[in-house]
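The block underneath contains the structure these notes are about, expressed in C-alpha cells.
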Amino acid sequence: MNPTKPETQVEAEGTTRMSRDTLSVTDNRTGKAYEIPIQHDTIHATDLRQIKVNADDFGMMSYDPAFNNTALCQSKITYIDGDKGILRYRGYSIEELAEKSTYLETAYLILNGELPTKSQLEEWIYHVTHHTFIHESVKKFLDGFHYDAHPMGMMISAIAALSTFYPEAKDIFNKESRLRQTYRLIGKMPTLAAFSYRHSLGMPFAYPDNDLSYAGNFLNMLFKTSELKYRPNPTLEHALDVLFILHADHEQNCSANAMRCVGSSHVDPFSATAAATAALYGPLHGGANEEVLRMLLEIGSLSNVPAFIKRVKAGETKLMGFGHRIYKNYDPRARIIKRVADGVFEIMGRNPLLNIALECERIALEDDYFVKRKLYPNVDFYTGLIYQSMGFPVTMFPVLFAIPRTSGWIAQWQEMLLDPEQKIARPRQIYMGSELRPYASIGQRG
Ligand code: CMC
C-alpha cells in the first residue's frame with residue numbers, strides 16, 4: 001500500500017498542475033471521457049462497467065486469465081515484495097520469525113494479527129495439542145486406501161471427511177465455532193499426515209504424544225516403532241519447525257485462492273481446506289518439491305546438468321523449483337532453507353543430490369535464459385533434499401507443505417468471511433462459443 005499522493009505536482013518549471021487520485025479514460029469508440037477513482041494504486045474493476053457504447057450494453061470488464069494483475073481482496077496477513085525478495089507475516093520478517101519463533105507461535109500470529117502473550121501462547125498450544133487425536137472411524141476409512149495411495153489424495157479425502165464428524169463447523173459466523181475448528185484442523189493435520197504415511201508402510205498407527213512439541217509429535221507419529229517413548233532428535237525437530245514457519249502463509253497463491261473461493265460459498269472450513277489441499281497437490285504449486293527431487297534423480301550426475309539445462313532452455317522441460325509468479329528475486333525462504341539444510345546434513349549426512357542442485361542453481365543464475373526471465377530458486381528447490389535426508393519418501397513432500405499452510409488457509413478464510421466487501425466468488429467470462437443454433441437430430445449430424 002502506498003502513502004497518500006501529494007495534492008499537487010510540479011510538472012515543469014513554473015507550472016503546477018493539480019494531481020488527483022483518479023484515472024482519466026477516453027473510450028475512442030464513443031469519444032466519452034470517464035474519471036475513475038484510484039486507491040492504493042488500484043482501480044475498482046466494477047468502475048469500468050459504466051463504460052458502454054449503448055445504454056443496454058453490459059459494460060466494460062477487465063480480462064485477466066490466471067489473475068496476473070487482479071487484487072482479489074485487501075489483506076493484513078502476509079506482505080511480499082517480489083522484486084526485493086521480502087516476505088513478512090503480519091509485519092514481522094520471515095528471517096526473524098524463522099530464527100526466534102516457533103511454528104505454533106507463528107500460526108497464532110498469522111491467525112490473530114499479534115504475537116501471543118505468554119498465557120495466550122500456553123492456552124493456544126494446550127488447545128491445539130488436545131485436538132490432535134482423530135476419531136477411530138477416520139482410521140477405518142484410511143485403511144480402505146491402497147497401500148500405494150498418494151498421501152495427498154488420502155489427506156484431501158480425510159480432511160473433507162472431518163466435516164461429517166463435526167457438523168457444527170457449518171456455523172461459520174460463530175466465532176467460538178470457528179476457533180474450535182481451527183484447533184481441530186491445525187491439531188489433526190499432522191495426525192492425518194502421519195497415519196497416511198504409516199498406512200503406506202503397512203505399519204500400525206502411532207498415536208499422538210501430547211508431551212512433545214508440534215513438530216516433535218509429528219516425528220513421533222511418523223517414526224515411532226517399539227520404543228516406549230519416542231524422543232525426536234532436537235536438530236531435526238527444530239529444522240522441521242523452521243520449515244513449518246516458512247510454509248505457514250504466502251498471501252494469494254493458488255491454494256489460498258481455492259480456500260477463499262470455496263469458502264466464499266459458506267461451506268464449512270473442513271471442506272474448504274480439502275479444496276485448498278487439492279490445489280496445493282499440483283506440481284506447479286506444493287507438488288513442486290516432489291517434482292524437484294524426481295528431476296534431480298533424473299539428472300543423476302553433475303556431468304548431465306548442462307544437457308538438462310539445454311533441454312529446459314529449449315522448452316522441453318522445466319527446471320522445477322525455479323521461478324515464481326511474485327518473486328522476481330531469490331525467494332527469501334529458499335535462502336533460509338539452505339541454512340536449515342546444512343544443520344540436517346550434518347546429522348544425517350550430505351544428500352548426494354545436493355551437488356546436482358547447487359550446480360543447476362550455479363548455471364541457472366549465470367545463464368541469460370534464467371536471468372532475463374528473473375527465474376530464481378523458490379521454496380521448493382531445496383526442501384525436498386532436506387525431507388529426503390530426514391527419511392521422508394518423496395510422496396510425503398507436498399503433505400509436509402500442507403500441514404503448516406493450514407494456519408495460513410484458515411487466516412485467509414476467516415479474513416474473507418469477515419470482510420463486508422466479499423461475496424461468493426463468481427468471475428465473469430468472455431463468451432467465444434457458437435451463436436444460437438437449431439438442435440440437430442442424430443441422423444443429421446456429421
Ligand atoms: N523452468 C524454465 N522456464 C521457466 C520456469 C522454470 N521453472 N518457470 C518459468 N519459466 C519461463 C516460462 O516458460 C516463461 O518463458 P517465456 O516467457 O519464454 O514463455 C517465463 O519463464 C515466465 O513464466 P510463466 O510460466 O509465465 O510464469 P508464471 O508466473 O505463470 O509461473 C510458476 C510461475 C511457479 C508456475 C513457474 O515459474 C513454474 O512452473 N515453476 C516450476 C514449478 C515450481 O517450482 N513451482 C513452485 C512455486 S513456489 C511454491 C508454491 O507456490 O507452491
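The values are calculated or read from the model by the stated rules, or taken from the named source; none is laboratory data. Every value quoted in this text rests on a predicted model; they were computed, and no experiment measured them. All Cβ positions, even for glycine, are placed from backbone atoms using ideal geometry, and neighbour counts span all protein chains on display. Areas reflect the complete protein model, heavy atoms only, side chains present, ligands, DNA and RNA absent. Shrake-Rupley method; radii C 1.70, N 1.55, O 1.52, S 1.80 Å.
Global size of segment 333-446: 24.2, 73 Å for Rg and Dmax (C-alpha atoms, Rg to one decimal, Dmax whole). The slack between Asp419 and Asp171, meaning 0.36 nm per residue of separation minus the straight C-alpha distance, is 87.6 nm. Assuming charge only on the beta carbon of Lys and Arg (+1) and of Asp and Glu (-1), the dipole of segment 19-60 about its Cα centre is about 120 debye to the nearest 20.
Using 1/(1 + (r/R0)^6) with R0 = 56 angstrom and r between the beta carbons of Asn68 and Phe133, what's the FRET efficiency to the nearest 0.05? The pair Asn68/Phe133 has a calculated efficiency of 0.80.
Placing R0 at 30 angstrom, the Cβ-Cβ distance between Thr117 and Asp83 gives a FRET efficiency of 0.25 after rounding to 0.05.
A quarter of the convex hull surface defined by the alpha-carbon atoms of segment 19-60 gives 3.2 nm² as the mean projection.
In this structure, the residue pairs whose Cα-Cα separation is over 21 Å, taken from Lys229/Lys338; Lys100/Lys175; Lys139/Lys224; Lys84/Lys338, are Lys229/Lys338; Lys100/Lys175.
Among the listed pairs Lys52/Lys423; Lys32/Lys52; Lys318/Lys372, a Cα-Cα separation exceeding 19 Å is found for Lys52/Lys423. Mean sequence separation of contacting Cα pairs (under 8 Å, at least six apart), scaled by the length of the chain, corresponds to a relative contact order of 18 percent.
A cut-off of 5 Å between modelled amide H atoms, ignoring neighbours fewer than 5 places along the same chain, links Gly282 with Gly287. For the chain, set up a GNM with springs between Cα atoms under 10 Å and report which of Val25, Val267, Val340 has the largest fluctuation. Maximum fluctuation in the GNM of the chain, among the listed residues, is at Val25.
Here segment 288-388 has an Rg and Dmax of 12.8, 39 Å, counting Cα atoms alone.
Calculated mean residue ellipticity at 222 nm for the chain: -15000 deg cm²/dmol, from DSSP H runs with n ≥ 4 weighted as -39500 (n - 2.57), summed, divided by the residue count and rounded to 500.
Once the 1.4 Å probe is applied to the protein heavy atoms, the chain comes out at 52 Å² accessible per residue. What residue among Lys313, Lys140, Lys188 has the largest mean-square fluctuation in a Gaussian network model of the chain, using Cα springs under 10 Å? Looking only at Lys313, Lys140, Lys188, the biggest GNM fluctuation is shown by Lys140. Among Thr129, Thr106, Thr70, the largest mean-square fluctuation in a Gaussian network model of the chain, built with springs joining Cα atoms closer than 10 Å, belongs to Thr70.
Amide H to amide H, with H built 1.01 Å from N, Lys32 comes under 5 Å of Asp27, counting only residues 5 or more places away or on other chains.
Here the Karplus relation 6.51 cos²θ - 1.76 cosθ + 1.60, evaluated at θ = phi - 60°, turns the backbone of segment 139-152 into coupling constants of 4, 5, 7, 4, 4, x, 6, 4, 5, 9, 4, 5, x, 5 Hz, with x for every Gly and Pro. For the chain, the spread of Cα positions along the three principal axes, ordered from largest to smallest, is 80, 70, 56 Å. In this rough spin-label picture, where each label sits 7 Å from Cα along the Cβ direction, the Leu284-Asn54 distance is 3.7 nm.
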